[in-house]
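Here the structure comes first, spelled out in structure tokens, and everything after it is commentary.
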Amino acid sequence: MNRQPRALLSVLLIGVIALMGWLWWRSAQSDQDDATQIVVNEVSTRGGTLVSSLRSEPRTFNRIVLPSVPTDLYSILTSSKLVRVNRATQEVEPALAESWTISPDNKTYTLKLRDGVTWSDGVPFTSADVVFSFQAIYDARTESALNEVLRIGGKPFVLTAPDARTVVINLPGTSGAGIGILDNVTVAAKHKHEAALKAGKFKGELAVDTPPADLLSIGPFKLTSYSPGQRLVFDRNPRYWKKDAAGTPLPYLDQVILEIVPDQNAELVRLQSGQLDTLQQQIRPEDIATLRPLEQQGKLRVIELGVAADADAFFFNLRSPYWAKDPRRDWIMRKEFRQAISHAIDREAFANTVFLGAGVPIWGPVTPGNKQWFNPNVPRRGYSLDRAKEILAGLGLTNRDADEWLEDARGTEAHFSLLAYRGNSSLERGAAILRDELKKIGIKVDVVLLEQGALLDRLFSSNFDSIMFVFNATNLDPAMNPDFWLSSGAAHAWNRLQKIPATDWEKEIDDLMGTVMTNVDPAERKRAFDQVQMIFAEHLPMLYFVAPRLYMGVNARVGGLSASILRPQLLWNVDQMTVKGSR
Amino acid sequence: MTRRAAIMLVALALFALLAPWLAPYQAGEAFSGFLHAPPMRPHLDGLSPVVHPLVLADRLEQRFEIDSSRTVKLPWIERDAAAPVFLLGADDFGRDVLSRLLYGARTSIGLALVATLGAVLIGALAGAWAGYRGGWIDEAIMRVADFVLVLPVIYVVLVLRAVLPLVLPPSTVFLLVSWIFVLVGWPFVAKGVRAIVAVERNREYVQAAQSLGAGPLRILAVHLIPACGGHLLVQATLLLPAFILAEATLSFIGLGFPDPIASWGTMLAGAGNYNAVARFPWTLAPAVAIFAIVLSTNLLTSQPSPRNR
Amino acid sequence: MGRYLLRRLGFGLLLVFVVSSAALLLTRLAPGDIAAPQCLELSAEKCAELRASLGLNRPFLPQYLSWLGGVIRFDFGRSLLYSRPVGSLLGERALNTAVLAIFALLAATLIGIPLGIYTGTRAGIMRSIVRAISLIGISVPPLIGSLALVFLAARTGWLPVGGMTSSGGLELTWAAWFADLARHVPLPALALAIPMAATLERLQSEAIASASHEPFVAASRARGVDRSRSILHHAWPVSLRPVLGLYGVMIGSLFSGSFVVEVVTSWPGLGRLMFDALKARDLFLVAGCAATGAFFLAAGTLLSDLLLAYTDPRVTTGESR
């Protein structure tokens, strides 16, 4: 090479490096905040884009078929309900139904629909759409998850539409949840999906590869684009029916973007750098300290949402056939065994280790976060290793040999396996603590970590000694969770799908739940459910230790927040959220 | 240099082997009040080494303060259950990093050693047989070896591990992973051995042994493979750190050992949380240990550079 | 040259075929399948229906053959995990990995080769320092390097930690997108490049040191050519042979390293995709990833071999002239 081309090459190289450096510098500069707009009060800010995270891809956009977290979020953004249960106050609010009357026998609801509401394609929303939605839900070929929920005593509701603005719902029996039960219903457009329902193909409607132009909206936003693996972009629906108190049409935001970020660490980093305004759901306790410096700088806010409504549960398999040939059957199914375990766990230490102190001790499935239904008089078994050992001795479990473990009269060791699933740190840690604490009273626990799929398999086939699991709460009213409370329920995890109640106390709970589900007097329902919690605490089919306090990180530019402990904790009220400044 | 590297390696191996006696705490021993406790610096109080204990300042922030008014003896001398001594800090469960580092060395180095021995053995046998026999056996074995060598190691290990059940008990993991490593490692050894044997088999002493009636197995075992001794040793020193790294990678992505087994990879798995790593850098101790091992093996096998004028 | 190329092409195709078929077969044999999580919520008959509709119960051979047939037409099937055609998914991610690999190679070359030339031809304290740094560099494999760099970035905030782009990047101009990339690339690329640069440095150093002692170099000096010219024009091209040979070998370790780096820094590349596909038992996606990986491997080694043959006239491709 001669000198000249070589010099040219060096100059070129330096030039490229300098250019990249300058571009990098510029892009680093543009991260700084724009001048904040002056706002009179938070609520009147209009416009802007909100970016939230989404942890998993939606499998469908059809909430009637599958109310999973991403699908539910899609539904909140693009759909409206007949009536809405305010997730912060638990009050029932009118939505698409502007008013309603309830018949004296509480079995007929007459709803008056709002006038002038149209779908995003301009077609008016009428009572025919409501009737159609229920048809779709009850159609067996849809395989709707809502089918079981919208029944009383197994019988469906009967709907009629006397005119375009009136819907009459006849219930087969009284409903304890009242009109709030309609919070579960997603409306579907008859003019768009009728043909599919008739052909039995409603299940495939609103699939994820539907072109956004074909997706109708009756909510604050409509889907503009979906890049699989990356993001969903929603733009304002100009035909949204809702207006704020001053008469301004909602939503305030121009655009909502859901970024798909499966990894919680990456999520947090993006929140810190301002790429995300808020997250799909609560942050982990260890993340609170990470966000503190940014809080102090005024860039982020860490909001306490409240005490979680659901907590990690530890339960044994109480299905007799499983233990039929097992030498441990004499004591492992006894309630005293579970009571002893409850005494042996130091709930405060549990809260400290698993949730870094951000948790409250609990003794039952209903937590103080569920203010309306929590029974504070549930007996609390205090932390006492001596009491635990006493109870175990009463069952015949004492240390009969040289090792540290207890044995029963036949010499069988106090030893069982505990399944938990990998990837959920609070469950893994909880299981580890259980193992270590029970070691102190001489019970040997084998913690087996499984994949979620494998664990659910074992759970549903009742093939386990004990499991540590969390059942995510979607509704605070116990009448909406019959699956869990009733002995015939599919989520009655310790002994599922019983044809007749296996024990007296489960029968008692069944009867009391009948009151909760059908009695319309709130005081009666509360009294019955308080009693359910007492029975639960006595027999302990599931043990609970700590309910975490939930925290959410949100960018300081976001306003109009109404926090709830139910997911999506901030976005449930997205039509009234605002942002300051541009992106 | 080489001597120092050898000493460092032997020392590390010794630490690993003697972990149960050297480690102040058990691998799974957790102190719930000391999550992410920082390293505590020992200093001399008269003639005995002591440490100032830590006191929890803020549980949520996992912040601790040094209590200068008290001293606690080192755990090898005296144990205080309420005031554990973390010379290298504690991890997110409140377990002593130093103890887990030592036990982890045992697991990681142990696995790598087993795999290295296996790879060397099978590689030597395969390569020697190929070199001795020649012909189509030689061709076949070398083709297979070439093919395996072309593939990126981590991908092959990943695929082989991932098609097995994803969550397995630790002993099964140990066995399966070491077999996977042997499968991936033998071609490195085989190629070199084959080259040496192909040359050596024409030497007089081999021909002499053959004429004396020695069978091929005897010739291989007694003459040819030992002739590769130097090469085998070099290969072993190269394979060992590679296997340690491979185990660390597997455990890091969750396909290796499960918690609470201490291995360097599982200890690093917590480092996926960028923020935790920034605030609690002592959790990266296994990375330094791995670096030390790789450095020592590199020092051991590096050639002195040709001096120029 | 033509025959050599043809042979290498054939080898490459064979590699892609064998690797992807093996991956497909292994994933098929693996316990569990992609429908497993959904099947838990379904009854036995519905589950069987689902499995049938996804084609999971087909006997292996017909499925394999129809997949092969598709591949020839560049149709890699459909990913059940992401509900998209495998081809489009592969295209994006492979591109990301390629970007990372190219930047890493560039960085390694720009750092390693000049340093190697320096240490191979000079003496003094700087040389010892560079050699020591090189030794350390070789001992920092991508796993350790990426963890250390992530720690540094998280602590100092100089570089973004993880990811390839900042999100919300919908309407970015080309310049802004490139600038954004330029901020995210250095961390993973460096993690990959450090050991490669060190290896290159050492090899280059040795090669040029021995080349400098060749008679023709001394001859050039005797002719009056000054020292640096004689090294760069005469010694260096000869020393390139072993160095360029190393590039071929480095492709494999570049892949291995990129997997680790992608996982640690959340770089959305091929490695991460394959890992997720393997865990979910997404058959066609795994096979597609394996095929793409093998293709790049073969292409990379071919390119470096060609480069080697081109630059050193002493290398022949097995043909007589």
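Taking just the alpha carbons, could you work out the radius of gyration and Dmax for region A:393-445, both in angstroms?
Looking at region A:393-445, its Cα Rg and Dmax stand at 13.1, 39 Å.
If one computes P(r) from the Cα atoms of region B:143-262, what percent of pairs lie at distances over 19 Å?
Here the long-distance tail beyond 19 Å is 57 percent of all Cα pairs in region B:143-262.
Note the buried accessible area between C and B here, summed over both chains, with a 1.4 Å probe, in Å² to the nearest 100.
By this definition, chains C and B bury close to 3900 Å².
Would you mind computing the Rg to Rh ratio of region A:444-566 from its alpha-carbon coordinates, Kirkwood style for Rh?
We get a ratio of 1.04 for region A:444-566.
Measure off 7 Å from each Cα along the Cα-to-Cβ vector at A:Lys526 and C:Tyr118, then give the distance between these two points in nanometres to one decimal.
7.9
Considering amide H positions built from the backbone, and no H for Pro or chain starts, which residues 5 or more places from A:Gly359, or on another chain, come under 5 Å of its amide H?
A:Arg549
In terms of the ratio Rg/(2.2 N^0.38 Å) built on C-alpha atoms, what value belongs to region B:1-148?
Numbers: Rg = 23.8 Å, N = 148, 2.2 N^0.38 = 14.7 Å.
Region B:1-148 yields a ratio of 1.62.
If you project the alpha carbons of region A:139-233 onto their three principal axes, what span does each projection cover, largest first, in Å?
Largest to smallest, the principal-axis extents are 46, 29, 29 Å.
Assign one of three labels to region B:22-76, namely rounded, prolate or oblate, based on the Cα gyration tensor with a ≥ b ≥ c the square roots of its eigenvalues; rounded applies when a/c is under 1.5, prolate when it is not and a/b is larger than b/c, and oblate otherwise.
Judged from the Cα gyration tensor, region B:22-76 comes out oblate (a/c at least 1.5, b/c at or above a/b).
So which aspartates and glutamates pass the test for A:Lys201, namely a Cα distance under 14 Å, with those fewer than 8 places away in the same chain ruled out?
The qualifying aspartates and glutamates are A:Asp139, A:Glu143.
If you bin every alpha carbon distance in region A:500-564 into 5 Å steps from zero, what whole percent lands in each bin?
Bin by bin from 0 Å, the calculated values are 3, 14, 17, 13, 11, 12, 9, 8, 8, 3, 1, 0.
Could I have the simple spin-label model distance between A:His191 and A:Arg55, label points 7 Å from Cα toward Cβ, reported in nm to one decimal?
For the pair A:His191/A:Arg55, the computed spacing is 4.0 nm.
Check A:Leu54: other-chain or 5+ apart residues with amide H under 5 Å from its amide H, H built from backbone geometry?
Those lying under 5 Å, H to H, from A:Leu54 are A:Glu259, A:Ile260, A:Val261.
Would you kindly derive the ³J(HN,Hα) couplings of region A:85-92 from the backbone phi angles with the Karplus curve 6.51 cos²θ - 1.76 cosθ + 1.60 (θ = phi - 60°), listing them in order in whole Hz, with x for Gly and Pro?
Once rounded to whole Hz, the list reads 8, 5, 6, 8, 9, 6, 8, 8.
Pop out the ³J(HN,Hα) list for region A:535-545 in order, Karplus 6.51 cos²θ - 1.76 cosθ + 1.60 with θ = phi - 60°, rounded to Hz; leave Gly and Pro as x.
Per residue, the Karplus-derived 3J(HN,Hα) values read 4, 4, 5, 6, 9, 6, x, 9, 9, 10, 10 Hz.
Assuming a viscosity of 0.890 mPa s and a temperature of 25 °C, what translational diffusion coefficient in µm² per second does Stokes-Einstein assign to the protein assembly as shown, Rh being the Kirkwood radius over Cα pairs?
The diffusion coefficient I find is 72 µm²/s.
Which cross-chain or sequence-distant (5 or more) residues have an amide H under 5 Å from the amide H of A:Val447, H modelled 1.01 Å from N in plane?
Counting only residues 5 or more places away or on other chains, the set is A:Leu418.
Could you give the angle, 0 to 90 degrees to the nearest 10, between helix B:97-133's Cα long axis and the longest principal axis of the Cα atoms of chain B?
Between the helix axis and the principal axis of chain B, the angle is about 0 degrees.
Debye sum, Cα scatterers, region A:255-312, no solvent: what log₁₀ I/I(0) at q = 0.15, 0.25, 0.27 1/Å?
-0.48, -1.17, -1.28
Among B:Cys228, B:Ile180, A:Val16, pick out the residue whose Cα is farthest towards the positive end of the charge dipole of the protein assembly as shown, where Lys and Arg carry +1 and Asp and Glu carry -1 on C-beta, about the Cα centre.
Sorting the options by dipole projection puts first B:Cys228.
Output the Cα-based Rg and Dmax of chain A in Å, rounding Rg to one decimal and Dmax to a whole number.
Cα only, chain A: 27.5, 101 Å (Rg, Dmax).
Rounded to the nearest Å, what's the spacing between the alpha carbon centres of region C:91-165 and region A:364-378? Just the number, please.
The two parts, judged by their Cα centres, are 57 Å apart.
With the other protein chains left in place, how much accessible area per residue, in square angstrom, belongs to chain C at a 1.4 angstrom probe?
Per residue, chain C has 46 Å² of solvent-accessible surface.
Once you compute Rg and the Kirkwood Rh from C-alpha atoms, what is the Rg to Rh ratio for region C:191-232?
1.19
Counting DSSP beta bridges with both partners in region A:364-523, what percentage is antiparallel, nearest 5?
So the antiparallel bridges amount to about 20 percent of the total.
Please report the orientation-averaged projected area of region B:217-309, defined via the convex hull of its C-alpha atoms, in nm².
Seen from a random direction, the Cα hull of region B:217-309 projects 10.7 nm² on average.
Per residue of C:148-157, what is the mean number of Cβ atoms on other protein chains within 10 angstrom of that residue's Cβ?
4
Using R₀ = 56 Å, calculate the FRET efficiency as 1/(1 + (r/R₀)^6) where r is the Cβ-Cβ separation of C:Ala309 and B:Asp67; round to 0.05.
0.20
Treat each spin label as a single point 7 Å out from the Cα along the C-beta direction, and report the C:His233 to C:Asn57 distance in nm.
7.7
I want to verify the translational diffusion coefficient of region A:258-379 in µm²/s; compute it with Stokes-Einstein, Rh as the Kirkwood radius over Cα pairs, at 20 °C and 1.002 mPa s.
D = 118 µm²/s.
Angle between the Cα long axis of helix C:186-212 and the longest principal axis of chain C, 0 to 90 degrees, nearest 10?
40
With unit charges on the beta carbon (Lys/Arg positive, Asp/Glu negative), name the residue among B:Asn275, C:Val161, A:Ala207 whose Cα is farthest towards the positive pole of the charge dipole of the protein assembly as shown.
Value: C:Val161.
Only bridges with both residues in the protein assembly as shown count here: give the DSSP antiparallel percent, nearest 5.
80
Using the heavy atoms of the protein chains alone and a 1.4 angstrom probe, what is the accessible area of region A:75-199 per residue in square angstrom?
On the way: 4960 Å² over 125 residues.
Per-residue value: 40 Å².
Per-residue ellipticity at 222 nm for chain C, helices alone: DSSP H runs ≥ 4 residues times -39500 (n - 2.57), over residue total, nearest 500 deg cm²/dmol?
Values: 13 runs with 236 residues, N = 321.
That calculation yields -25000 deg cm²/dmol at 222 nm.
Run through the DSSP bridge list for chain A and note the antiparallel percent, rounded to the nearest 5.
80
For helix B:153-162, what angle does its Cα long axis make with the longest principal axis of chain B, in degrees from 0 to 90 and rounded to 10?
Its long axis makes an angle of about 70 degrees.
Going down the table (A:Lys155/A:Lys198; A:Lys335/A:Lys440; B:Lys191/C:Lys279; A:Lys192/C:Lys279; A:Lys112/A:Lys192; A:Lys155/A:Lys190), which pairs top 30 Å between alpha carbons?
In this structure, B:Lys191/C:Lys279; A:Lys192/C:Lys279 exceed 30 Å between Cα atoms.
What would the Debye formula give as log10 I(q)/I(0) at q = 0.08 Å⁻¹ for the alpha-carbon point model of chain B, no solvent?
The Cα Debye sum returns log10 ratios of -0.48.
Across every pair of different alpha-carbon atoms, what Kirkwood hydrodynamic radius in Å does chain C reach?
22.6
Which whole-Hz couplings ³J(HN,Hα) result when phi for each residue of region B:177-182 is put into the Karplus expression 6.51 cos²θ - 1.76 cosθ + 1.60, θ = phi - 60°, listed in order with x for Gly and Pro?
Result, rounded to whole Hz: 5, 5, 5, 4, 5, 4.
Could you calculate, for region A:404-490, the ratio of the Cα radius of gyration to the Kirkwood radius, expressed as Rg to Rh? Present the calculation step by step, with values, prior to reporting the outcome.
Values: Rg = 15.7 Å, Rh = 14.9 Å.
Using only Cα positions, Rg/Rh for region A:404-490 is 1.06.
The values are calculated or read from the model by the stated rules, or taken from the named source; none is laboratory data. As the structure is a prediction and not an experimental result, all values here were calculated from the model. Reconstructed Cβ throughout: ideal geometry from the backbone, glycine too, with neighbour counts over all protein chains shown. Accessible surface areas use protein heavy atoms only, side chains included; no ligands, DNA or RNA. Shrake-Rupley method; radii C 1.70, N 1.55, O 1.52, S 1.80 Å.
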